[in-house]
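Note sheet for the following structure.
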Amino acid sequence: VAGLVTQLFWGAIKIMVFLAFFAVSQEPQPMSLAQVVTYVWLGQALLGMLPWTVDKEIEALIRQGAVSYELVRPLDLYTFWFCRTIALRTATTTLRSVPMVIFAMIILPWIGWDAWAMQTPPSLSALAYFCVSLVAALMLACAFTMVMHVFLVWTIAGDGLNRIMPSVTLVLSGMLIPLPLFPAWMQPFLELQPFRGLVDVPFRIYAGDIAANAALPDILHQCVSAAVFVVAGRWLLRRSLKALVVQGG
């Protein structure tokens, strides 16, 4: 409940900022106000899916030395931790997203705040591509989180990662500001970097800024980025386990 109220509060602040921006802007914008408002509410609903923190239980296992028990289990450690990460990214997100979508899509129009309301997708095909893209975004988020988990084997404490990643993830994914609103000279870099697959791609497909019939290249970009991080994570984990120093006595 505390997380839901907090994210509603921050969603309202962001929408007020964008309302003011569109009110004074003299240039045509790449996204409409309704699309940006929908984008903001999606971001607040799915905030927990972003890879900006590590799993506290895995962090504790490595810090206390109990990771040695993980190594004697008759299973693939990367797959086991990846499944834990899926649960980490989906459980709390689901609990918060359902009431938030109900509030933004149903309650706000009902009380007459249509300019603040979350819109429905422009078509059923857009909704279908959004669902596919959202699954790809989840896989990308989990693959990157796994890289962060592997780094814990070397650093032991996850404090540094937990302080750096929120800034990187919020900006480059588009959670802070939709990527099309960034300056034109940044767009080539923003289109190529992998973090856009976490937020920018699925949210713009839902809002209609990326047409459904043009969404496949962006979804492919998400899948390739996720595959690259999976391969990198597996390689790093194998390398780290060759000379693992177990902490905790």
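The values are calculated or read from the model by the stated rules, or taken from the named source; none is laboratory data. Quick caveat: nothing in here was measured; it's all calculated off a predicted structure. Virtual Cβ from ideal backbone geometry, glycine too; neighbours counted across all protein chains shown. SASA here: full protein model, heavy atoms, side chains in, ligands and nucleic acids out. Shrake-Rupley method; radii C 1.70, N 1.55, O 1.52, S 1.80 Å.
Six or more apart or on different chains, Cβ atoms under 6 Å: show the pairs whose first residue is in the stretch 12-30 and part of a helix (DSSP H, G or I) and whose second is at pLDDT 90 or above.
14/40; 15/37; 15/40; 18/36; 22/33
What is the residue count in the stretch 69-89 for residues that are touching a Gly at 6+ places or on another chain (Cβ under 8 Å) and under 22 Å from residue 2 (Cα atoms)?
1
Only residues that are in a helix (DSSP H, G or I) and under 28 Å from the mean Cα position of the chain (by Cα): list them for the stretch 57-77, please. First the steps, then the outcome.
Going residue by residue through the stretch 57-77, those that are in a helix (DSSP H, G or I) are 57-64, 67-71, 77.
Once the filter is applied, which keeps residues that are in a helix (DSSP H, G or I) and under 28 Å from the mean Cα position of the chain (by Cα), the stretch 57-77 yields 57, 58, 59, 60, 61, 62, 63, 67, 70, 77.
Looking at the structure I just gave you, is residue 64 at pLDDT below 90, in contact with a Gly (Cβ under 8 Å, 6 or more places away or on another chain), open to solvent by 30 Å² or more (accessible area, probe 1.4 Å) and more than 22 Å from residue 195 (Cα to Cα)? Break it down stepwise before answering.
Details: at pLDDT below 90: yes; in contact with a Gly (Cβ under 8 Å, 6 or more places away or on another chain): yes; open to solvent by 30 Å² or more (accessible area, probe 1.4 Å): yes; more than 22 Å from residue 195 (Cα to Cα): yes.
Considered against the rule, which asks whether it is at pLDDT below 90, in contact with a Gly (Cβ under 8 Å, 6 or more places away or on another chain), open to solvent by 30 Å² or more (accessible area, probe 1.4 Å) and more than 22 Å from residue 195 (Cα to Cα), residue 64 comes out as yes.
When you scan the stretch 107-150, how many residues do you find that are open to solvent by 10 Å² or more (accessible area, probe 1.4 Å), touching a Leu at 6+ places or on another chain (Cβ under 6 Å) and at pLDDT below 90?
Residues meeting the conditions: 1.
Out of all the residues in the stretch 225-243, is one or more assigned to a helix (DSSP H, G or I) and in contact with a Gly (Cβ under 9 Å, 6 or more places away or on another chain)? First the steps, then the outcome.
Step one: filter the stretch 225-243 for residues assigned to a helix (DSSP H, G or I), giving 225-241.
Still in the list and also in contact with a Gly (Cβ under 9 Å, 6 or more places away or on another chain): 225-226.
Looking for residues that are assigned to a helix (DSSP H, G or I) and in contact with a Gly (Cβ under 9 Å, 6 or more places away or on another chain), one finds at least one in the stretch 225-243, hence yes.
Taking residue 135, is it more than 14 Å from the chain's Cα centre (by Cα) and hydrophobic (A, V, I, L, M, F, W, C)? Steps first, please.
Numbers: more than 14 Å from the chain's Cα centre (by Cα): no; hydrophobic (A, V, I, L, M, F, W, C): yes.
Taking the combined requirement at face value, the residue does not satisfy it.
Any idea which of (1) of a type outside the set (A, V, I, L, M); (2) in contact (Cβ under 8 Å) with a residue 60 or more places away in the chain; (3) part of a helix (DSSP H, G or I) is the one residue 80 doesn't satisfy?
Against the list (1) of a type outside the set (A, V, I, L, M); (2) in contact (Cβ under 8 Å) with a residue 60 or more places away in the chain; (3) part of a helix (DSSP H, G or I), residue 80 comes up short only on (2).
Could you list, in sequence order, all residues of the stretch 71-106 that are more than 23 Å from residue 202 (Cβ to Cβ) and open to solvent by less than 50 Å² (accessible area, probe 1.4 Å)?
Residues satisfying the conditions are 77, 78, 81.
Residues 85, 38, 90, 53: which one is in a loop (DSSP other than H, G, I, E, B) and among the β-branched types (Val, Ile, Thr)? Spell out the reasoning first.
Details: 85 fails: in a loop (DSSP other than H, G, I, E, B); 38 fails: in a loop (DSSP other than H, G, I, E, B); 90 fails: in a loop (DSSP other than H, G, I, E, B).
Result of the check over 85, 38, 90, 53: 53.
Give me the residue from the stretch 203-233 that is of a type in the set (S, T, N, Q) and closer than 13 Å to residue 130 by Cα and, out of that set, most open to solvent (accessible area, probe 1.4 Å). Don't jump to the end; show me each part of the working.
Taking the stretch 203-233 first, the residues of a type in the set (S, T, N, Q) are 213, 222, 225.
The next check asks that each one be closer than 13 Å to residue 130 by Cα; those that pass are 213, 222.
Numbers: 213: 145, 222: 0 Å².
Filtering first and then ranking leaves 213.
Suppose we filter the stretch 167-186 for residues that are free of Cβ contacts under 8 Å to residues at least 24 places away in the same chain and small (Gly, Ala, Ser); how many remain?
Residues in the stretch 167-186 being free of Cβ contacts under 8 Å to residues at least 24 places away in the same chain and small (Gly, Ala, Ser): 2 in total.
Is it the case that some residue within the stretch 33-55 is open to solvent by 40 Å² or more (accessible area, probe 1.4 Å), of a type outside the set (A, V, I, L, M, F, W, C) and farther than 28 Å from residue 181 by Cα?
The answer is no; no qualifying residue exists.
Restricting to the stretch 93-131, count the residues that are assigned to a helix (DSSP H, G or I), closer than 17 Å to residue 219 by Cβ, in contact with a helix residue (DSSP H, G or I) (Cβ under 6 Å, 6 or more places away or on another chain) and not small (Gly, Ala, Ser).
2
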